[in-house]
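Note sheet for the following structure.
The values are calculated or read from the model by the stated rules, or taken from the named source; none is laboratory data. Values in this document were obtained by computation on a predicted structure and should not be read as measured data. Neighbour counts are summed over all protein chains in view; Cβ atoms, including those assigned to glycine, are modelled from backbone coordinates with ideal geometry.
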Ligand code: SF4
């Protein structure tokens, strides 16, 4: 396991998959490295690729709003993605790209030691919870593994596209807030 500085340096220079050829920036992750709660999306979009930060632009604004509902902000949690470089045209990251990149996230998890991991959207949930995870049916459910509680809710981009999903996402957020309280993380 690498420590933060070394991990960041290696990740910034990474050429382990073809996404390195089209990226502008590696999007390593942001937030509080001493937090108990980690949010994981699928990969950087256009704005994130340009700025080198996860969840900026309209989806990022919505994520900030979602965090504030449960009394969190970017200084109180950590935010990362399954792949650190932008898939062209925002397509889903390929299995091979996820496989190439996942050790960086594993290393981040090992350093942060979160009590809760919230998967944002299908790609993160199928990668981190279960390969056949169905986000529409199983969002808001909880699974404990290795001392970490995993759950999933909709990706903010999906909530921008389809506002009818927002009440379900709100319920998921309430469940996350309850889990934070039950684990005495406040
Ligand atoms: S997506 Fe991950 S594995 Fe692929 S080049 Fe970027 S940092 Fe490396």
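Quick look at the values:
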{"quantity": "Test: residue in the range 79-100 that is assigned to a helix (DSSP H, G or I) and within 26 Å of residue 177 (Cα to Cα)", "calculated": "no"}
{"quantity": "Of residues in the range 29-59 being assigned to a strand (DSSP E or B) and free of Cβ contacts under 8 Å to residues at least 60 places away in the same chain, the one surrounded by the most Cβ atoms within 10 Å (Cβ to Cβ)", "calculated": "31"}
{"quantity": "Pair list, Cβ under 6 Å, 6 or more apart: the range 97-115 residue farther than 13 Å from residue 37 by Cβ, other residue in a helix (DSSP H, G or I) and within 9 Å of the ligand (Cβ to nearest atom)", "calculated": "97/19; 104/11"}
{"quantity": "Of residues in the range 147-168 being assigned to a helix (DSSP H, G or I) and out of contact with any helix residue (DSSP H, G or I) (no Cβ under 8 Å at 6 or more places or on another chain), the one surrounded by the most Cβ atoms within 10 Å (Cβ to Cβ)", "calculated": "168"}
{"quantity": "Residue match in the range 89-97 (condition: at pLDDT below 95, within 16 Å of the ligand (Cβ to nearest atom) and within 17 Å of residue 60 (Cα to Cα))", "calculated": "yes"}
{"quantity": "Scope the range 60-89; condition within 27 Å of residue 23 (Cα to Cα), loosely packed, with under 15 Cβ neighbours inside 10 Å and touching a residue at least 24 places away in the same chain (Cβ under 8 Å); matching residues", "calculated": "75, 88"}
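Per-residue answers, yes or no, for (1) within 14 Å of the ligand (Cβ to nearest atom); (2) closer than 23 Å to residue 128 by Cβ:
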site	(1), (2)
19	yes, yes
22	yes, no
31	no, yes
35	no, yes
43	yes, yes
47	no, no
53	no, yes
58	no, no
62	no, yes
